[in-house]
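Here the structure is laid out as structure tokens; the discussion comes afterwards.
The values are calculated or read from the model by the stated rules, or taken from the named source; none is laboratory data. No experiment lies behind these values; they were computed from the predicted model shown. Cβ: placed from backbone, ideal geometry, glycine included. Neighbour counts: every protein chain shown. All accessible areas refer to the heavy atoms of the entire protein, side chains included, with ligands and DNA or RNA removed. Shrake-Rupley method; radii C 1.70, N 1.55, O 1.52, S 1.80 Å.
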Amino acid sequence: MTNDPIHPAVRVGHVHLRVVDLDRSLAFYRDALGFGVTADGRPMGRPAVFLAAGDYHHHIGLNTFDGAGAPPPDPDHAGLYHVAFLYPDRRELARAVQRLVDHGFPPDHATDHGGTVSVYLDDPDGNGVELYYDRPRERWFDADGRPVVKADHFDFRELIDHPNHDGGT
């Protein structure tokens with residue numbers, strides 16, 4: 001058995017979610033978040049759709065393999081807490097938040113974590129979704145080199161109102 005660390009270039013490539021209704025989920029992931037459809041299996045009899053940002057094959061897979069209309073997972077059981085999408089900067093996160101609001105999916109809350117700034121909401125099936133941006137790496141640690149870890153809630157509208165300000169939240 002080896003205890004060598006995983007290669008530092010390894011990244012989470014995609015998340016695949018079981019959903020109740022593909023069209024309803026597409027209204028969220030495609031229309032409200034802006035991911036593009038890269039493949040739709042429904043014409044071939046496969047109840048799955050794949051979406052991506054840019055030209056990647058897929059960042060999100062959606063399926064109804066367990067049956068359309070199946071109940072969502074019980075939030076009191078172990079499982080996925082949330083999936084997180086990293087935005088390049090505060091301005092792009094603010095644009096995403098405005099797009100969500102415009103499509104009727106306002107964030108539940110926003111949190112300044114120190115090294116990151118995040119907004120949180122649930123998709124139509126109750127899956128947790130985090131949208132965030134990283135602050136510059138030098139702001140991830142305090143003067144003693146310890147990671148800055150906090151959870152200061154703020155009104156997500158501050159992102160929309162001040163997309164270029166990052167003096168705190």
Show log10 I(q)/I(0) for the chain at q = 0.12, 0.13, 0.14 Å⁻¹, two decimals, from a solvent-free Debye sum over equal Cα scatterers. -0.64, -0.74, -0.84
Expressed as a whole percentage, what fraction of the accessible surface of the stretch 101-152 belongs to carbon and sulfur atoms when a 1.4 Å probe is rolled over the protein heavy atoms? 51
Loop sites in the stretch 46-102: chymotrypsin sites (Phe, Trp or Tyr not before Pro), DSSP, at most 11 other Cβ within 10 Å: Y81
Considering the options P5, A70, G126, tell which one lies farthest towards the positive end of the dipole of the chain, charges being +1 on Lys and Arg and -1 on Asp and Glu at the Cβ, about the Cα centre. P5
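Mind checking the per residue accessible area of the chain for me, 1.4 Å probe, whole number of Å²? Don't jump to the answer; show the numbers that get you there.
Numbers: 10320 Å² over 169 residues.
For the chain, the per-residue accessible area is 61 Å².
Using a Förster distance of 25 Å, how high is the FRET efficiency between R46 and D74, based on the Cβ-Cβ distance and rounded to 0.05? Display every interim value, and only then the final one.
Numbers: r = 27 Å, r/R0 = 1.07.
Once the sixth-power term is evaluated, E becomes 0.40.
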Over the stretch 34-169, what is the relative contact order in percent, taking alpha-carbon pairs closer than 8 angstrom and at least six residues apart? 20
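Give me the extension gain from A9 to R99: residue separation times 0.36 nm, minus the current Cα-Cα distance, reported in nm with one decimal. Working shown, then result.
On the way: separation 90, 0.36 × 90 = 32.40 nm, distance 3.13 nm.
Residue separation times 0.36 nm, minus the Cα-Cα distance, leaves 29.3 nm.
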